[in-house]
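The values are calculated or read from the model by the stated rules, or taken from the named source; none is laboratory data. The shown structure was predicted, so the numbers you read here are calculated from the model rather than taken from an experiment. All Cβ positions, glycine included, derive from the backbone under ideal geometry; neighbour counts span all protein chains shown. For accessibility, only protein heavy atoms count, side chains too; no ligands or nucleic acids. Shrake-Rupley method; radii C 1.70, N 1.55, O 1.52, S 1.80 Å.
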Amino acid sequence: MPRVAFTTLGCKVNQFETDSMAGLFRQRGYELVDFDADADVYVINTCSVTHLGEKKSRQLIRRAIRRNPTAVVAAVGCYSQMSPDQVAAIEGVSVVIGTQERQRIVELVEEAAREHGKITAVGDIMQSDLFEDIPLFSAPGRTRAFLKIQEGCTNFCSYCIIPYARGPLRSRPLDSVRREVAKLVEAGFQEVVFTGIHLGAYGRDLADDLSLTDALEAALEEPGLQRLRLSSLESVEVSPKLIELMCNDSRLCAHLHLPLQAGEDGILKAMNRHYTTAEYRRLIDCIRSQVPGIAISTDLIVGFPGESEASFEQALSFVSSMGFAKMHVFPYSRRNGTPAATLGGQIEEEVKRARVQSVQQLAERMAKEYQNAFIGQQLEVLVESQKDGIAEGLTSNYLRVYFPAEADVLKRRCLVQLEKTYKDGLWGNLA
C-alpha cells in the first residue's frame, strides 16, 4: 500500500483543504502516515500570508525531499499560487498546485511518479467562478470537523495578499452544505466549524440572494448535529438575523471571531478596513447585550506603516477596554504587490517585536479575566480528548476545560462545575 504524508501551514481553511485531499488519497488506497515518517508522497499545503509563512513552506518542502529523495513531493496552496516558478525551482519538487485543481491531486501525483517529471498546475485564479466542491471523506477519531463553505475575497485590505491568492467570491451550494454536514454527523463528528476566506460573503455569488444565515439554517436542519461554530467573520457582516439564530438555537455556538486588525481609526483607514473603532465597539456591545457570556475573539496587526507611538498607545487603550476572550497578535508583514508595501513610515522590526510583546501581555490578561468570570458556573463541555483520567474539551463559548473522569466520556457532552483557572483554560468537576 503506498504511503502519503501531509503537513499544513496557515489558516483553518488550509486545514480543511488538507483533510479533503487526504480523503482523496485514502479513497485511492493510500495509507496516511506522519509527515516525519517515510512516505512515497509528501504534500505540503503552503501559506503566503506572511514572509514567515513562505519561509516555513520552503523549509518543509526541503525537509520532505531530504527525508526521501525518491518520493513525489507536491507543494499546494497559497504560496504555490502566488509564486509557482519559485516553488517549482526547488530541486526535488514534483508537483505544484495552487488554490484550484486540488481535486486532481492524486491523478497529478501518480502522473509525476510514472513520468519522473515535474508538473505545474497553477492557473489564473482571478478567472475562477466556481466553488471547488471536493467530497469530504472524513478522518475518524476526531470530535470537531471543519467545513469550508466559501472561497475567495474581494475586500482587498491594503496589507493582504490573500485576494490575489484565492481569487473572487465562490460559495458552496446549499445542497452541498446539507450533504456534507450530514456526512460529517454520520461519521461521528459532534461539532462542525464553518470556514471560508471571506465567510460573511457566503452566497453573494449564488442565485436567490442567499446569505451566511441560510447556510447556518441549512446545517441546523440536520437533527444529529450537536454544535455548529463559525470561524473568522468580518464584524460589518454580523447581521441581526445571525444573532437571532444564535439566541434561538443553542447548537450555534456563542463564539464569534471578529478581526479588529487595528485599534486606531487612522490605521484602520490606511488598512482599507470598512469600520471605525466606535462602530466596532457599538456592535460588540449590542451582541453582548443579546448573547450574555459570548466569547468575542479577535486578530490585531501591530506595526503597520505609519503607526506612531501615540497611535499604538491609543490602540492599546481601545483594545484593553474591549475585554476580548482571546486575541491573536501579528507583526505587520510587508507583502510585495499590496498597497501597504509602498507606504511610507515602515516600522522597524525591533519596534514591532516590542509592541507585539506588549499586546500579547494584554491579551493574556484579558483571557484570564474572561475565564475567571465563569468560575463557579456550570457549563457544558464537549470532550475532545481523554488521557490518564483527565478529560479535556471546549464549551460553546470556546473555553477550554479540564476535569477528572474515570469513565469513558470521549465525544460526550458533560456538564462541568468550573472551579479555577488551569493551564490554558479552566479546571472543574462533573456536576
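Kindly sort Ile162, Ile44 by accessible area of their heavy atoms, largest first, with the probe set to 1.4 Å. Don't jump to the answer; show the numbers that get you there.
Values: Ile162 25, Ile44 0 Å².
So, going from the largest accessible area down, we get Ile162, Ile44.
For Arg353 and Arg282 in one chain, what is 0.36 nm times their gap in residues minus the Cα-Cα distance, to one decimal in nm? Don't skip to the end; give the middle numbers.
Details: separation 71, 0.36 × 71 = 25.56 nm, distance 3.05 nm.
Once the chain is fully extended between Arg353 and Arg282, it gains 22.5 nm.
Counting only other residues whose beta carbon sits under 14 Å from that of Asn14, what net charge do I get with K and R as +1, D and E as -1? Please report the intermediate quantities before stating the final value.
Working: positive: Lys12, Lys56, Arg102, Lys148, Arg166; negative: Glu17, Asp19, Glu54, Glu132, Glu151.
Combined, the nearby Lys, Arg, Asp and Glu give 0.
For the chain, the Cys residues with no second cysteine's beta carbon closer than 4.7 Å are Cys11, Cys47, Cys78, Cys153, Cys247, Cys253, Cys286, Cys414. Result for the chain in a Gaussian network model with C-alpha springs under 10 Å: among Ala262, Ala215, Ala37, the largest mean-square fluctuation is at Ala37.
Based on DSSP, what percent of beta bridges with both residues in the chain are antiparallel, to the nearest 5?
If we restrict to bridges inside the chain, about 35 percent are antiparallel.
Using the alpha-carbon positions of the range 219-366, Rg (one decimal) and Dmax (whole number) come out as 17.0, 54 Å.
Given 4 °C and 1.567 mPa s, compute D for the range 220-274 with the Stokes-Einstein relation, Rh being the Kirkwood radius over Cα pairs; round to the nearest whole µm²/s. All intermediate terms of the calculation are to be shown ahead of the outcome.
Values: Rh = 13.2 Å.
It comes out at roughly 98 µm²/s.
Per residue Cα convex hull volume for the chain, in cubic angstrom? Could you put the intermediate results ahead of the total?
Numbers: hull volume 65.2 nm³, N = 431.
Taking the convex hull of the Cα positions in the chain, it is 151 Å³ per residue.
Computed on the Cα atoms alone, the convex hull of the range 308-431 gives a volume of 143 cubic angstrom per residue. Note on Glu91 and Ala431: with the Förster distance fixed at 51 Å, the Cβ-Cβ geometry gives a FRET efficiency of about 0.30.
Across the range 91-223, Cα pairs under 8 Å and at least six residues apart give a relative contact order of 24 percent.
What are the trypsin sites (Lys or Arg not before Pro) within the range 47-127 that DSSP puts in a loop, where the Cβ has at most 16 other Cβ atoms within 10 Å? For trypsin sites (Lys or Arg not before Pro) across the range 47-127 that sit outside H, G, I, E and B with at most 16 neighbouring Cβ atoms in 10 Å, the list reads Lys118. Spatially, the range 1-59 and the range 325-347 are offset by 27 Å when compared through their Cα centroids. The Cα trace of the range 142-230 gives Rg and Dmax of 13.7, 42 Å, the first to one decimal, the second as a whole number.
So what are the range 25-155's ellipsoid semi-axes, whole angstrom, largest first, if each one is the square root of 5 times an eigenvalue of the alpha-carbon gyration tensor? Show your work: numbers first, answer last.
Details: eigenvalues 97, 78, 49 Å².
Each semi-axis is the square root of five times an eigenvalue, giving 22, 20, 16 Å.
Regarding the range 108-182, what's the average projected area of the Cα-atom convex hull, expressed in nm²? Please report the intermediate quantities before stating the final value.
Numbers: hull surface 31.7 nm².
The orientation-averaged projected area of the Cα hull of the range 108-182 comes to 7.9 nm².
A crude spin-label estimate for the pair Arg400 and Ser250, with each label 7 Å from Cα along the Cβ direction, gives 2.6 nm. In this calculation the C-beta distance from Ala341 to Gln361 is compared with R0 = 22 Å, giving a FRET efficiency of 0.15. Using a probe of 1.4 Å, the accessible surface attributed to Ser321 totals some 60 Å² when neighbouring protein chains are kept in position.
Gap in Å between the Cα centre of the range 199-272 and the Cα centre of the range 392-406? The range 392-406 and the range 199-272 have Cα centres spaced 24 Å from each other. Within the shell defined by Cβ-Cβ distances under 15 Å, the residues around Asn372 carry a net charge of +2, with Lys and Arg each +1 and Asp and Glu each -1.
Mean separation of Cα pairs under 8 Å and 6+ residues apart, divided by the residue count of the chain: what relative contact order is that in percent? Provide the component values of the computation, followed by the final result.
Working: 875 pairs, mean separation 41.7, N = 431.
Reported relative contact order: 10 percent.
I want the local charge near Gly200. Using Cβ-Cβ distances under 9 Å, sum +1 for each Lys or Arg and -1 for each Asp or Glu among the other residues. Before the final figure, lay out the partial values.
Values: positive: none; negative: Glu234, Glu237.
Surrounding charge for Gly200 is -2.
For the residue pairs Lys183/Lys420; Lys183/Lys241; Lys56/Lys423; Lys241/Lys326, the alpha carbons lie more than 31 Å apart in Lys183/Lys420.
Using helices alone, what [θ] at 222 nm do you get for the chain, with -39,500 (n - 2.57) per DSSP H run of 4 or more residues, divided over all residues and rounded to the nearest 500? The partial results should precede the final answer.
Details: 13 runs with 148 residues, N = 431.
Calculated at 222 nm, the ellipticity per residue is -10500 deg cm²/dmol.
Multiplying the residue separation of Asp133 and Lys55 by 0.36 nm and subtracting their alpha-carbon distance yields 25.1 nm. Cys160 sits with roughly 30 Å² accessible to a 1.4 Å probe, with DNA, RNA and ligands left out of the calculation.
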